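The values are calculated or read from the model by the stated rules, or taken from the named source; none is laboratory data. All of these numbers come straight from a predicted model, not from anything done at the bench. No Cβ is skipped: glycine too gets one built from the backbone with ideal geometry, and neighbour counts run over all protein chains shown.
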Amino acid sequence: MEALLLNGAGQPFASELIPGRSYRCQVREKIESATILDDGLLTFFQAPASYTGEDILEVSLHGNPVIVRHFILEVCERLRVRPADPGEFTRRAFHNGKIDLLAAEGVRRIIDSKSIFELHASRKLYDGELARMISRFRSALIHLKAETEAEVDFSTEDLTFESREQLLQRVQDLRTSIGDILERSRQGGRITSGIQVALSGIPNAGKSSLLNKILGWERSIVSEVEGTTRDFVSEEIELAGLPVRFVDTAGLRESEDLVEKEGVRRSKQQMERSSLIFHVCDLSKEPYPEPDFPAVPVWHILNKVDMASSQIRSHWNDWVRKGSNDRIYEISCKTETGLAELRNALTEFLQSEAQSVDPFFLEERHRYHFLQMDEALLRLLNLWEENAPAEICALEIDSALEHCGELTGKISTEEVLGRIFSVFCVGK
Ligand SMILES: Nc1nc2c(ncn2[C@@H]2O[C@H](COP(=O)(O)OP(=O)(O)OP(=O)(O)O)[C@@H](O)[C@H]2O)c(=O)[nH]1
Ligand SMILES: [Mg+2]
């Protein structure tokens, strides 16, 4: 180590590094050569006060792949250390009891978060919000089990246990809490996976022009030919801290052309999946009948206001549907009139969407265990109803407890751990 890593003065490091302090270091091309390839920082974290709970020597180099490759080939080789596997540091932290499995999953979600909203939800996972909920479930289940076992042990003696009604109520409450968690995650997941805004309208209205204006780059092909966009084109950006997916769709019209027909079918499908529809209208024409929209807010975007007489504008304003959630904006993609107002209104809409939803989500794995827990509790209720022996009832409580353990990683198999950590990036 000392021969390969030199301090800022070009001297080998003294053998004692003070934990938590960073040292400047230089990486030479070869031990014997004086050619310096990179300057970096060396930090020593002493067990157990480190990320993994083990001694860690962290070398920070410039992220150039050539430097990193050289470091791995020359330096790591000689030090007889190997590059870490994906997620290995977090896996070690988990095995050494520094974090539970939920927090480990939180680390990955933090790294992969695509919006502030998702980051908030990931932080909660990392900080233990779900772990605390599960711990409350576990205590309630253990209490339930103790009551059931007491029934077995002392069933012939005259002792007062919690009444069956009280126990039934407790199980019902647990099932309600599971339902609430699943619903919260469904809501949060809807936002995390992106709020979709569909741009729809007749051919040539300016849908693709508007998409490009919103994104700030020429994502979609714009032309005066009707039916330019045939398949939908989507792009995700972050607005108001939320991931928003804009979908530019094929112009809606009756067509005999098979490809265009399929495009229109897909347009309708995308509209149904959207939280908001921008109905782009062509102000260079007199009002025409609007398509059927699914039951989501529709904003009528009266485009090409630069070409429209005040008469046509008033015709259009009288014409469009005015449901309680619907709005009208006049814009021009050509002169950019009204685009700033539209953007501000969209930001406000997204903020109010986000405020109504709690940043919270469950991984597929979590959902599975919660559902299994719920099923075990449902079976328990049925068994009680049939007056099944208490020993049999206790098995269902055990099953629910097992799922609690698997959620936090108290009970885990190599296969499950492999699946979780393999999707991490190297270095975490
Ligand atoms: N004058 C004027 N022309 C516009 C405006 N917006 C779009 N256009 C023109 O209208 C034509 C159609 O625009 P597109 O954005 O391709 O329309 P579209 O709705 O995506 O059309 P399809 O993909 O065929 O359904 C192009 O020639 C644009 O340059 C505008 O605000 N003013
Ligand atoms: Mg188009």
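Counting only residues that are under 16 Å from Ser193 (Cβ atoms) and hydroxyl-bearing (Ser, Thr, Tyr), segment 270-287 holds 2 of them. Do we find a residue being among the β-branched types (Val, Ile, Thr) and within 16 Å of ligand 2 (Cβ to nearest atom) anywhere in segment 256-264? Yes, segment 256-264 has at least one match. Every condition in (1) more than 16 Å from ligand 1 (Cβ to nearest atom); (2) touching a Lys or Arg at 6+ places or on another chain (Cβ under 7 Å); (3) not β-branched (Val, Ile, Thr) is met by Ser234 except one, and the failing one is (1).
Yes/no per residue for (1) touching a residue at least 40 places away in the same chain (Cβ under 8 Å); (2) in contact with a strand residue (DSSP E or B) (Cβ under 7 Å, 6 or more places away or on another chain); (3) within 16 Å of ligand 2 (Cβ to nearest atom):
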| position | (1), (2), (3) |
| --- | --- |
| Leu182 | yes, no, no |
| Arg186 | no, no, no |
| Gln196 | yes, yes, no |
| Ile202 | yes, yes, yes |
| Ile214 | yes, yes, yes |
| Glu226 | no, no, yes |
| Ser234 | no, yes, yes |
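Report, by residue number, each residue of segment 393-414 that is in contact with a helix residue (DSSP H, G or I) (Cβ under 6 Å, 6 or more places away or on another chain), of a type in the set (A, V, I, L, M, F, W, C) and without any contact (Cβ under 8 Å) to a residue 60 or more places away in the chain. Residue satisfying the conditions is Ile411 alone. Determine whether segment 382-389 contains at least one residue that is aromatic (Phe, Trp, Tyr) and in contact with a Ser or Thr (Cβ under 8 Å, 6 or more places away or on another chain). Taking every residue of segment 382-389 in turn, none turns out to be aromatic (Phe, Trp, Tyr) and in contact with a Ser or Thr (Cβ under 8 Å, 6 or more places away or on another chain).
So for segment 291-301 (the condition being farther than 30 Å from His120 by Cβ, within 13 Å of ligand 1 (Cβ to nearest atom), modelled with pLDDT of 95 or more and assigned by TED's automatic domain parsing to the domain that holds Leu350), does at least one residue qualify? Yes; the residues of segment 291-301 include at least one that is farther than 30 Å from His120 by Cβ, within 13 Å of ligand 1 (Cβ to nearest atom), modelled with pLDDT of 95 or more and assigned by TED's automatic domain parsing to the domain that holds Leu350. Within segment 329-344, residues that are assigned by TED's automatic domain parsing to the domain that holds Lys213 sit with their Cβ atoms under 9 Å from residues that are surrounded by fewer than 19 Cβ atoms within 10 Å (Cβ to Cβ) and small (Gly, Ala, Ser), at 6+ positions apart or across chains, in these pairs: Tyr329/Gly338; Tyr329/Ala345; Glu330/Gly338; Ile331/Gly338; Ser332/Gly338.
Glu341 passes every criterion in (1) away from ligand 1 (no atom under 16 Å from the Cβ); (2) modelled with pLDDT of 95 or more apart from (1). For segment 201-216, a residue qualifies if it is more than 9 Å from ligand 1 (Cβ to nearest atom) and in contact with a Phe, Trp or Tyr (Cβ under 9 Å, 6 or more places away or on another chain), and the qualifying residues are Ile214, Leu215. Within segment 268-282, is there a residue that is touching a Phe, Trp or Tyr at 6+ places or on another chain (Cβ under 6 Å), within 29 Å of Lys322 (Cβ to Cβ) and without any contact (Cβ under 8 Å) to a residue 40 or more places away in the chain? Checked against the condition, which is being touching a Phe, Trp or Tyr at 6+ places or on another chain (Cβ under 6 Å), within 29 Å of Lys322 (Cβ to Cβ) and without any contact (Cβ under 8 Å) to a residue 40 or more places away in the chain, segment 268-282 yields no hits at all.
The one condition from (1) buried (at least 16 other Cβ atoms within 10 Å of the Cβ); (2) within 16 Å of ligand 1 (Cβ to nearest atom) that Ile191 does not meet is (2).
When segment 307-333 is limited to residues that are under 16 Å from Tyr288 (Cβ atoms) and of a type in the set (D, E, K, R), the one that is farthest from ligand 2 (Cβ to nearest atom) turns out to be Asp318.
Taking segment 396-414, which residues are of a type in the set (Asp, Glu) and surrounded by 19 or more Cβ atoms within 10 Å (Cβ to Cβ)? Result: Glu396, Glu406. Residue-level check: of (1) at pLDDT 90 or above; (2) crowded, with 17+ Cβ neighbours inside 10 Å; (3) acidic (Asp, Glu), Glu286 misses just (2). Residues that are away from ligand 1 (no atom under 13 Å from the Cβ), surrounded by fewer than 23 Cβ atoms within 10 Å (Cβ to Cβ) and within 30 Å of Ser113 (Cβ to Cβ): does segment 219-227 have at least one? Checked segment 219-227: no residue is away from ligand 1 (no atom under 13 Å from the Cβ), surrounded by fewer than 23 Cβ atoms within 10 Å (Cβ to Cβ) and within 30 Å of Ser113 (Cβ to Cβ).
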